[in-house]
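The values are calculated or read from the model by the stated rules, or taken from the named source; none is laboratory data. Quantities reported herein were computed from a predicted structural model and do not represent experimental measurements. Backbone-built Cβ (ideal geometry, glycine too); neighbour counts: all protein chains shown. The area values use the complete protein model at the heavy-atom level, side chains included, leaving out ligands, DNA and RNA. Shrake-Rupley method; radii C 1.70, N 1.55, O 1.52, S 1.80 Å.
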Amino acid sequence: MTSCDFTEEPIKKIAIFGGTHGNELTGVFLVKHWLENGAEIQRTGLEVKPFITNPRAVEKCTRYIDCDLNRAFDLENLGKKVSEDLPYEVRRAQEINHLFGPKNSENSYDIIFDLHNTTSNMGCTLILEDSRNDFLIQMFHYIKTSLAPLPCYVYLIEHPSLKYATTRSIAKHPVGIEVGPQPQGVLRADILDQMRKMIKYALDFIHNFNEGKEFPPCSVEVYKIMDKVDYPRNESGEIAALIHPNLQDQDWKPLHPGDPVFVTIDGKTIPLGGDCTVYPVFVNEAAYYEKKEAFAKTTKLTLNAKSICYASH
């Protein structure tokens, strides 16, 4: 008898989503490749399904057609009566929920990896939705260790109002993978290589878990979202200041009260307010201009996971 916390069932069904945003091309490129030749993502005993989530947006190389698919998976949207009058992405969310869910059910896929790019200088980022998910904390620890010395950051979006209804949230274990910087509509070989490795190590971890390997207790440093910061705006609601050069490309770096955050066209510096050090992410992200988000403020903390293993009966 081992001392670990048993998981009754092995991981069986995995999906890898690309093209949730049609102009984030690394996931699109990898998923299309794996649909043609999926040998590198197959593991014994696992069903691994690559899938293009927003094909119309991919075809037009745009983030979305009618609305953001990665915000459309709330129960209200998923429960709406099927109609051609619904926004395309809401209809698509219902289709995806039917194929890989239903959300919050025993039949949903075990894990969904959702592949994204950012124009921000965030490097390799894993997005966690639940700070109590020992299985994913263990997986993220394994991925981070395997990628070292290449940094890999964990972004925790657990928040009463700022957490959003992601495409991957229909899975029992949702995993966001975000790699940048990469412009929209562009492919970079270095970014593709990093994302490919993140998926490889994740699948290796799952395979090892299913084979009965015990993972001892571990801890992972994470950056938990606190707040989102808009650009300064004029009376017409237009942007009145830019990200300050000292902040540009400084994702994950400490930002102290009084540090420059924005600069106006006339050269006036606008500093960070408040009384605590924060860690900015998604700094000057192109896709977030429409969402009125210049960057997100995070706080750094440590999550601990219990030991885990799968004990076959």
Given (1) assigned by the TED database to the domain that holds S146; (2) assigned to a loop (DSSP other than H, G, I, E, B), index of the condition N246 fails: (1)
Criterion violated by S169 - all others in (1) of a type in the set (S, T, N, Q); (2) part of a loop (DSSP other than H, G, I, E, B); (3) at pLDDT below 95 satisfied: (2)
Please find, among R92, R56, the residue that is part of a helix (DSSP H, G or I) and open to solvent by 40 Å² or more (accessible area, probe 1.4 Å). R56
Taking L150, is it of a type outside the set (K, R), modelled with pLDDT of 95 or more, farther than 24 Å from T298 by Cα and assigned to a loop (DSSP other than H, G, I, E, B)? no
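Looking at I191, I177 in this structure, which one is within 22 Å of I143 (Cα to Cα), in the same structural domain as Q42 (by the TED database) and under 12 Å from the mean Cα position of the chain (by Cα)?
Values: I191 fails: under 12 Å from the mean Cα position of the chain (by Cα).
Checking each option against the conditions leaves just I177.
Go over the candidates K297, K253, K292 one by one and state the one that is at pLDDT 95 or above and part of a strand (DSSP E or B). Talk me through it step by step, then tell me what you get.
Values: K253 fails: part of a strand (DSSP E or B); K292 fails: part of a strand (DSSP E or B).
Every option except K297 fails the conditions.
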Just for the stretch 271-289: of the residues that are in contact with a Ser or Thr (Cβ under 7 Å, 6 or more places away or on another chain) and part of a strand (DSSP E or B), which one is farthest from T119 (Cα to Cα)? V278
Those residues of the stretch 12-53 that are in a helix (DSSP H, G or I) and open to solvent by less than 20 Å² (accessible area, probe 1.4 Å) come to a total of 7
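Yes or no, residue by residue, for (1) over 19 Å from L99 (Cα atoms); (2) touching a His at 6+ places or on another chain (Cβ under 9 Å):
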{"position": "A15", "(1), (2)": "no, no"}
{"position": "G19", "(1), (2)": "no, no"}
{"position": "G22", "(1), (2)": "yes, no"}
{"position": "T26", "(1), (2)": "yes, yes"}
{"position": "K32", "(1), (2)": "no, no"}
{"position": "N37", "(1), (2)": "yes, no"}
{"position": "L46", "(1), (2)": "no, yes"}
{"position": "T62", "(1), (2)": "yes, yes"}
{"position": "C67", "(1), (2)": "yes, no"}
Any residue in the stretch 68-87 that is surrounded by fewer than 17 Cβ atoms within 10 Å (Cβ to Cβ), within 19 Å of the chain's Cα centre (by Cα), farther than 26 Å from L203 by Cβ and modelled with pLDDT under 95? yes
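From the list Y223, Y231, Y201, pick out the single residue that is open to solvent by less than 70 Å² (accessible area, probe 1.4 Å) and part of a helix (DSSP H, G or I). Can you show your working first?
Numbers: Y223 fails: part of a helix (DSSP H, G or I); Y231 fails: part of a helix (DSSP H, G or I).
Just a single option satisfies the conditions, and that option is Y201.
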